[in-house]
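Structure first, commentary second.
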Amino acid sequence: MNGMFFALLGAALATVLAGIGSAKGVGGAAQASMGVLSEDSSKFGKMLVLTLLPGTQGLYGFIVGFLILVSCGVLGGSAPTLAQGLAFAVASLAIGLGGLFSGIAQGKAAVSGIALSAKNDKDFSKAMVSVTLVEIYALLSFIVSLLAVIQIPNLNI
């Protein structure tokens, strides 16, 4: 038995978990934005930026999932060993879980930032800083998964 099952499981976990976090975060922020825009449509650009930020986690998960598919032979390359397949699955957990929780948290921060910006346009930069702080943890999760996934095909396991 090769590690294809576990590699595919890893690709799915990275993509689905991070995607759920982003969908929940963007969905909440979009609801708040629509409320603001129903009162003042001139704030569309600022609301769009705050709404989009929680979506990056899903993108990070997709990139890791895609790299796993390329590395495990689905989109080119050779099939992974059982140990490599397990390593892909474990490596995907960083962005999967990190993306899930940070996407939800960033969505909540975005909702608060949208409320702050709705009251005073001058507070938009403060809202951006707060929402961006959550992004750091998504990036850390992404980097860990990315570095691991890149190295797994080179491991003799």
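Odds and ends about this structure:
- Using the rule -39500 (n - 2.57) for each DSSP H run of four or more residues, divided by the residues of the chain, the 222 nm mean residue ellipticity is -28500 deg cm²/dmol.
- Kyte-Doolittle mean at least -0.5 and Cα axial length at least 15 Å: DSSP H helices in the chain: 4-39, 56-71, 82-119, 124-151
- Dipole check for segment 4-157: with +1 at the C-beta of Lys and Arg, -1 at the C-beta of Asp and Glu, and the Cα centre as origin, the magnitude is about 140 Debye.
- A crude spin-label estimate for the pair GLN31 and ILE150, with each label 7 Å from Cα along the Cβ direction, gives 3.9 nm.
- Inter-part distance, segment 120-157 to segment 1-52, computed on C-alpha centroids, equals 14 Å.
- Rg and Dmax over the alpha-carbon atoms of segment 1-126 stand at 18.4, 60 Å.
- Ranked VAL36, VAL144, criterion: other C-beta atoms within 10 Å, fewest first: VAL144, VAL36
- Sorted by Cβ neighbour density within 10 Å, fewest at the top, the residues ILE104, ILE95, ILE68, ILE143: ILE143, ILE104, ILE68, ILE95
- The label point for THR132 and the one for ASP40, both projected 7 Å from the Cα toward the Cβ, are 2.2 nm apart.
Each reported figure results from applying straightforward, stated rules to the coordinates on display, with no laboratory input. This structure is a prediction, so every number in the text was calculated from the model and none was measured. A quick note on method: Cβ atoms are made from the backbone with ideal geometry, for glycine too, and the neighbour counts reach across all protein chains shown.
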